[in-house]
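Beneath this line is the structure, given in structure tokens, with notes to follow.
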Amino acid sequence: MPEPSLLTAQDLELSSVVANNTMNRERGLTGVNSYARELGLDPLDELSGSPSPSWLDLCSGEGRALREAAARLPEDAVLTAVDLVGPLAPTPAPPALEEIVASVTTWTPTRTYDLITCVHGLHYVGDQLGLLARAASWLTPEGLLVAHFDPDSVRRPDGSPAGRAAVTALRTAGFRYDARSHRLSLRGGRSVVLPFRYVGADPDAGPNYTGQPAVGSHYA
Ligand SMILES: C[S@@+](CC[C@H](N)C(=O)[O-])C[C@H]1O[C@@H](n2cnc3c(N)ncnc32)[C@H](O)[C@@H]1O
């Protein structure tokens, strides 16, 4: 098998696999095309125990789910949406919602959150394991992180599979992984160190379980 040529985060973010305009970026809060359906939980139920709820959405697309949540959460709720592109048709965000156009590979919050989500966003991030480790430290002590994760996208530098080792390391660090739903979750903020060194991304890894072209993440 020829070794894949790997891209830096900067080059990856300019590649056609990340700039794919057929991606589903418009999931709402509840309903058929929604966060509740993809996450297997209603984000508002999850946030209901917190007097001033906070929700960080990584790779937030159009930010529809957070916009809908802002209308139904207390005034002092904190909602943060981070996306490389952001909403394509910008309309003013509700006061509780901050929409940040940035790469999740470099952006860092200045606070912790009760809920952190990444709905079908990791598929386009090179250093997925690095982002998961960083995001674990952005949770409140009782906070919940949920992200879609495809172990098949985690590879060694020569292209051989490393997904099983990645899931084992994530479980050892306290994450749960449900292979059927491809959902990774973590309850409670913590410091996570995973025994993987990121070496680059393969934009030609092909379609993943969603049927869309996705990125291969390579680790030594
Ligand atoms: C399949 S869409 C999902 C959007 C949204 N979560 C939803 O379900 O409606 C993936 C999103 O990831 C974003 N994305 C890809 N790479 C990113 C990166 N490095 N940093 C931030 N966002 C990124 C894309 O711009 C796109 O909006």
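The values are calculated or read from the model by the stated rules, or taken from the named source; none is laboratory data. It should be emphasised that the depicted structure is a prediction, and the values quoted were computed from it without experimental measurement. With ideal geometry, Cβ positions are generated from the backbone for all residues, glycine too; neighbour counts draw on all protein chains shown.
Being in a strand (DSSP E or B) and either modelled with pLDDT under 95 or more than 18 Å from Thr112 (Cβ to Cβ) (or both), is that true of even one residue in segment 68-85? Yes, segment 68-85 contains at least one residue that is in a strand (DSSP E or B) and either modelled with pLDDT under 95 or more than 18 Å from Thr112 (Cβ to Cβ) (or both). Does Arg37 satisfy the condition of being basic (Lys, Arg) and either within 20 Å of Gly188 (Cβ to Cβ) or part of a loop (DSSP other than H, G, I, E, B) (or both)? Taking the combined requirement at face value, the residue does not satisfy it. Just so you know, in segment 3-18 the residues that are in a loop (DSSP other than H, G, I, E, B) and out of contact with any His (no Cβ under 8 Å at 6 or more places or on another chain) include one that is surrounded by the most Cβ atoms within 10 Å (Cβ to Cβ), and it is Val18. The set of residues in segment 26-67 being among the charged types (D, E, K, R) and touching an Asp or Glu at 6+ places or on another chain (Cβ under 8 Å) consists of Glu26, Arg27, Glu46, Glu62, Arg64. Please enumerate the residues belonging to segment 27-42 that are within 12 Å of the ligand (Cβ to nearest atom) and either in contact with a His (Cβ under 9 Å, 6 or more places away or on another chain) or within 20 Å of Leu73 (Cα to Cα) (or both). If the condition is that a residue be within 12 Å of the ligand (Cβ to nearest atom) and either in contact with a His (Cβ under 9 Å, 6 or more places away or on another chain) or within 20 Å of Leu73 (Cα to Cα) (or both), then Arg27, Gly28, Leu29, Ser34, Tyr35, Ala36, Arg37, Glu38, Leu39 are the ones that fit.
A Cβ distance below 8 Å, combined with a sequence gap of six or more or placement on separate chains, defines the contacts here; from segment 183-199, residues that are free of Cβ contacts under 8 Å to residues at least 40 places away in the same chain reach residues that are outside any loop (DSSP other than H, G, I, E, B) and surrounded by 15 or more Cβ atoms within 10 Å (Cβ to Cβ) in the pairs Pro195/Ala169; Arg197/Tyr219.
The sole residue among Leu84, Leu47 that is surrounded by 19 or more Cβ atoms within 10 Å (Cβ to Cβ) and near the ligand (Cβ under 10 Å from one of its atoms) is Leu84.
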